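Working notes, structure below.
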Amino acid sequence: MRVLAISNWFPWPPDCGARMRIHYLLREIARSNEVTLLSFAREHPSDTDIAAVKAYCQEVAIVPFRPYDPRRWDALLGFFLPEPRFVHATYSTEMERLVQEWMSRDEFDVVVAFAIGPSGGTAPYVRGVQGVPRLLEDPELSIIKDRISLQSRWYQRTRLRLTWWKLRRYMAGLLRDMNACTVSSAKERDLLTSIQPDGLPVQVIPNGVDPTLYDDDFGPLEPDTLVFPGAMTYRANFAAMAFFLREVFPLILRQRPGAKLYITGKTDGVPVHRLPLREGVVLTGYLQDVRPRIARSQVCVVPMTMGGGTRLKILEAMALGTPVVSTSKGAEGLDVRSGEEILIADDPETFAAQVVRLLEDPALRERLAQNGRRLVRERYDWREIGRRFEAFLEQVVAEWNDVDIN
């Protein structure tokens, strides 16, 4: 197949969930197909980054991403438009032009519009594409729904409900212009089909790991260490740490006063002053390689309260043999069993107790580590996930050609 991929994240370096998913899916289907990539980029990639993507993509073109600023005039205008404000305010005429130009220049078998976020991602740029099936990849809508349920202030709840109402209408229109869709979890699939129940083929393609990247020796285990691997620039990660630092970490410190929590990832522009940071909390900033920090920690905490998809941070920790304590929301979409591959806790007291239990019980840590490693190798290897994604693309193309011929 000749695949035109349009991405709202440049896939290299694969150092966050969005980039990792796009990188591995494209890399795997490129093993036996020709992939061309049009991608937005928050910052212009280096020559090394571009070369890394060109190792599996035939051609690569980059468009500057237009960040959302709610104070800008086009965002304010969005109050009076039927789609959510951020959709209108981030639209790129340059990307629209490039898609039209490349579609007229080359013949593709399928167009994949990567979304990864509730704006519809790059789907608006392929709505008018003719003569080829269009697939929307991972629109990840649940983060807006989760924010509504967690919001206690009536004004914010009302505003988010209006956003959700607009988003539902907008996504229903987008989906009618798609030929298929892939999502990363069953919950996202159910949410999507509730918006567009008219028989659009929807396939669950979970997130995964590359097991070959996690077999090294990353150094000795550090006593009483916890890690949360996630950029605070992502709203769901910030909310998770706000909950953990206020409600859970003080309970852990009462029993393990020497406990230390490492929070990895970027904090640029993040109001960290709103978090109850205290002694024992370390903001590492961006780490070029996060694996040693996770591998040397005794427990990976994933106290997520919102967000969608399947958690790459959990899969990475399991691949490294670091036991995980997570909320039900954090482990959503993963085929895990509490007490076997992971420990699940939703209230602060239970979450703290499970963390302390792991810190004090080496045998339990070892059992969870072995079970977690086995699980990711058997069910969450990107090579197998990529084959499933490729098979679904082939099915979409075959059905399109049958319809086109008949």
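Structural remarks
- Check on Q354, in contact with an Asp or Glu (Cβ under 8 Å, 6 or more places away or on another chain) and over 17 Å from A239 (Cα atoms): no
- None of L221, L213 is surrounded by fewer than 19 Cβ atoms within 10 Å (Cβ to Cβ), in contact (Cβ under 8 Å) with a residue 12 or more places away in the chain and under 29 Å from L136 (Cβ atoms) except L213.
- Among the residues listed as R357, R337, the single one being modelled with pLDDT of 95 or more and among the basic types (K, R): R357
- Residue check for E399: more than 22 Å from the chain's Cα centre (by Cα), modelled with pLDDT of 95 or more, loosely packed, with under 15 Cβ neighbours inside 10 Å and of a type outside the set (S, T, Y): no
- Residue in the stretch 228-235 that is surrounded by 14 or more Cβ atoms within 10 Å (Cβ to Cβ), closer than 30 Å to L175 by Cβ and aromatic (F, W, Y) present: yes
- For the residues R311, R254, R246, R274, the requirement of being surrounded by 18 or more Cβ atoms within 10 Å (Cβ to Cβ) and among the basic types (K, R) singles out R311.
- Selection status of D268, over 16 Å from C16 (Cα atoms) and surrounded by fewer than 19 Cβ atoms within 10 Å (Cβ to Cβ): no
- Hits in the stretch 16-39 (condition: closer than 13 Å to V110 by Cβ and polar (S, T, N, Q)): N33, T36
- Of all residues in the stretch 346-358, those satisfying the criterion of being surrounded by fewer than 23 Cβ atoms within 10 Å (Cβ to Cβ) and among the aliphatic types (A, V, I, L, M) are A353, V356, L358.
- Unmet criterion (only one of (1) over 21 Å from the mean Cα position of the chain (by Cα); (2) buried (at least 23 other Cβ atoms within 10 Å of the Cβ); (3) touching a residue at least 40 places away in the same chain (Cβ under 8 Å)) for L343: (3)
- Within the stretch 347-368, residues that are assigned by TED's automatic domain parsing to the domain that holds L253 sit with their Cβ atoms under 8 Å from residues that are in a loop (DSSP other than H, G, I, E, B) and among the hydroxyl-bearing types (S, T, Y), at 6+ positions apart or across chains, in these pairs: F351/T327.
- Condition check for A319: among the aliphatic types (A, V, I, L, M) and either more than 23 Å from the chain's Cα centre (by Cα) or farther than 22 Å from E28 by Cα (or both): no
Rundown of residues vs (1) at positive phi; (2) at pLDDT below 95, yes/no style:
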residue: P206; (1), (2): no, yes
residue: P211; (1), (2): no, yes
residue: D215; (1), (2): no, yes
residue: G219; (1), (2): yes, yes
residue: D224; (1), (2): yes, no
residue: F228; (1), (2): no, no
residue: R235; (1), (2): no, yes
residue: P250; (1), (2): no, no
residue: P257; (1), (2): no, no
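- Considering the stretch 346-406, the qualifying helices (runs of 4 or more DSSP H), each wholly inside and each with 1 or more residues that are of a type outside the set (G, A, S), touching a Gly at 6+ places or on another chain (Cβ under 6 Å) and over 27 Å from P223 (Cβ atoms), run over 382-405.
- The stretch 336-362: number of residues that are touching a helix residue (DSSP H, G or I) at 6+ places or on another chain (Cβ under 6 Å) and not small (G, A, S): 8
The values are calculated or read from the model by the stated rules, or taken from the named source; none is laboratory data. All figures in this text were calculated on a predicted structure; none of them were measured in a lab. Cβ coordinates were reconstructed from backbone atoms using ideal geometry, including for glycine residues, and neighbour counts include every protein chain displayed.
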